[in-house]
Structure formats: C-alpha cells, structure tokens
Amino acid sequence: MNNDAQDFEKLSLLDQLRGLCLVQQELLRVALFVASEGQIEYEGEKVKCSLNDGQRRVSSLLAMTAGQSVNSVLKFSELRGIQVRDCYPIARTSIESFINAAYLLSESDSIADRAIKYVSFANWKRCNRKFGSGDYSIEINLDPHADETLANKFPEFSGKGNGSWTSLDTPSRIRRVGELAGRKSGTRLLAAYGLTYSLSSEVIHGSPFGASFFYSAYLGKEALLDDFMQGTVKQLEEIMIAILHAGCGYLSAFFNIQNMKALSAAEQVLFEKILEISQKSDVQAVTAC
C-alpha cells in the first residue's frame, strides 16, 4: 500500500466519501467534455461521443445539473447539526437528474426529442394553468388562445396523462437503463433510489416522519446534543453514498452505451472503492453490486 492509500485509510468515513465524490466529479467532467467536444484521448484510447444529437444535448444538460448539486452536497458535508436537513432535497435532485440523464442517453432519440419539446411546453404551461382547490384556486391565462395553442403547437402533450416528458415512473426509468445500458448502470441507480428517494420525499414535503427522522436518526433514548451532531454526520454519510451510486450509474451508462472501455474500467475501479467504504457504514445492505 503506497503512502497516498495509507493516508486515505486514515481519513474519517465522511472524508473518504468526500474524496471519492471529487474523483467521480472528475470522471463526470470528462464525460461532459466528450459530449460537448466530441473526441478526446483517455489512457491511450481515442474516445468519441456517438450519441445522437438530441440524446447528447438533453442528457448532458441533466448530468451537468446533477454535478452542480453534488458540489453543493460537498459543501453541506462540512456542516453539522440542523443545517444538514437541507441536504436532502439537494441530494434528491442530484440523484433524479442522474437517473433521468442515464435514461435519456439510453433510450431512443425520439424520447430525447420529446424531452426537449417538453421544455417549451412546460414554459408555456406555467403561464397558462390553474392551481389550488375550491374557492382557493387561481387561474393564469396569458395566452388568450390557449386551447388552440395546445392543439396546434403541443398536440403530443394534450389529453389526460400526456402532460409530462415521460410516462414512466422513476423505477421504470431505472429498469430501462438496466435493460439498455447494462445491469451495472441499473443496479447502481436502483441503490441510489432505495437509499434516499422515499426518505428525502418525507423531508422535502415536511411530513411528521421526515421531521422526526432527521432529529432522531441514529440516536438513543437519552441522546445529548453531541449525539445529535454525530447523528447528522451519519445522515451525511448515507446521502453521499447514495449520490455516489447515482453518479456511477450515469457514468456507467454513458461509457458502456458508447463502448468507452478505458473510462468504463475507471468507473468500475471507483465503484469498487465505494462498495469497500460502504461496508463501514450503516447502509451497506442496500448498496449495489
């Protein structure tokens, strides 16, 4: 074991996870550079983006936003205590963005084209909609010919159940990634989903359980302030393991779909280290293979 490896092993679990996030961010930057510039050389292998234009554009957009959220999680990982609660929605958007990016690059170009068209539709829809309940409802209509616009400009989004960019729920998108981009991609994304998706929903939506979990997770009956602070460290560890799985799921899909062997190997080495470190945590039962 060289000195760098020995120094790494001496770090706390959270610091080791931070380090792996930084390594993963570098691989993500390589993937985004390939997608934007078209061709590079990596470890002696010429790497070229072969995605269709629609797939490349929309999946790269989502992967970039996911990486930005990972940077925010890294900043939050320096905090302790009540601020950590706000890490959940940031982690959730990163994980969902990685899932959607992997799904869109794996599926056909027609699926990507619909997602791109949805951007224009959603922008129009936010100015022509009704929200609320009963007497407490508001209707916004900036387009005086909304029905005509919907029928002529956005026909694919008209009708019940057609108002989204995809009809598949998140687990189904993950399944499709596994079917199209390989089992490794699908299981990595599934582990990320299982680790924090439902829990983050409870926190984001302000449910009683979400609040209770945050303030009591990993604590005994007679916990003190120091115990609570340490409990939030464990929550950060769990969150970071989840986003690491999600990032690897996207990278695995991006590299495998395009047969980028050297980069696939680099992602595999990273993921094996994530699994090794995850064994030290309390969330090892839901990490992927």
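Computed from the coordinates by the stated procedures, all read-outs in this text should not be read as laboratory data. Computed from a predicted model, the values in this text were never measured in an experiment. Here the Cβ is made from the backbone with ideal geometry for all residues, glycine too, and neighbour counts use every protein chain on show.
Key figures for this structure:
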item: Cβ-Cβ FRET estimate between SER110 and ARG29, R0 fixed at 35 Å, reported to 0.05; result: 0.75
item: Lys, Arg +1 and Asp, Glu -1 on Cβ, resulting dipole of the chain about Cα centre, debye, nearest 20; result: 540 debye
item: Structure-derived log10 I(q)/I(0) by the Debye sum over Cα atoms at q = 0.09, 0.15 Å⁻¹ - corresponding label in [x] -0.50, -1.16; [y] -0.45, -1.29; [z] -0.53, -1.33; result: [x]
item: Point-to-point label distance, HIS145-GLU179, nm (Cα→Cβ direction, 7 Å offset); result: 4.1 nm
item: Kirkwood Rh, angstrom, the stretch 92-209 [1 / mean 1/r, Cα pairs]; result: 16.6 Å
item: Size-normalised alpha-carbon gyration radius of the stretch 46-91, reference 2.2 N^0.38 Å; result: 1.64
item: Three-way shape call for the stretch 35-170 based on the alpha-carbon gyration tensor, with the a/c threshold at 1.5; result: oblate
item: Gain upon complete extension [LEU22, LEU224; 0.36 nm per residue less C-alpha separation]; result: 69.4 nm
item: Dipole magnitude of the stretch 166-254 about its Cα centre (Cβ charges: Lys, Arg +1; Asp, Glu -1), debye to nearest 20; result: 560 debye
item: Label point distance in nm, LEU11-CYS127, each placed 7 Å from Cα along Cα→Cβ; result: 4.7 nm
item: Evaluated over the stretch 137-289, the Cα radius of gyration and Dmax, each in Å; result: 21.1, 64
item: Label-to-label distance, nm, for residues given as SER201 and GLN39 (7 Å Cα→Cβ offset); result: 4.6 nm
item: Kyte-Doolittle at least 0.5, axis length at least 15 Å by Cα - qualifying DSSP helices, the chain; result: 13-37, 87-106, 225-257, 261-278
item: Rounded if a/c under 1.5, otherwise prolate or oblate - the stretch 143-229, Cα gyration tensor axes; result: oblate
item: Within the stretch 1-152, percent of DSSP bridges classed antiparallel, to nearest 5; result: 100 percent
item: Net length gained if the chain between LYS153 and LYS280 were fully extended (0.36 nm per residue, minus Cα distance); result: 40.3 nm
item: Value of [θ]222 nm, deg cm²/dmol, for the chain, DSSP H segments ≥ 4, -39500 (n - 2.57) each, nearest 500; result: -23000 deg cm²/dmol
item: Förster-model FRET efficiency, 51 Å R0, ALA217 and SER50, C-beta, rounded to 0.05; result: 0.70
item: The stretch 230-274, Cα convex hull volume normalised per residue, Å³; result: 46 Å³
item: Residue among GLY163, SER185, LEU32 farthest towards the positive dipole end of the chain, charges placed on Cβ; result: GLY163
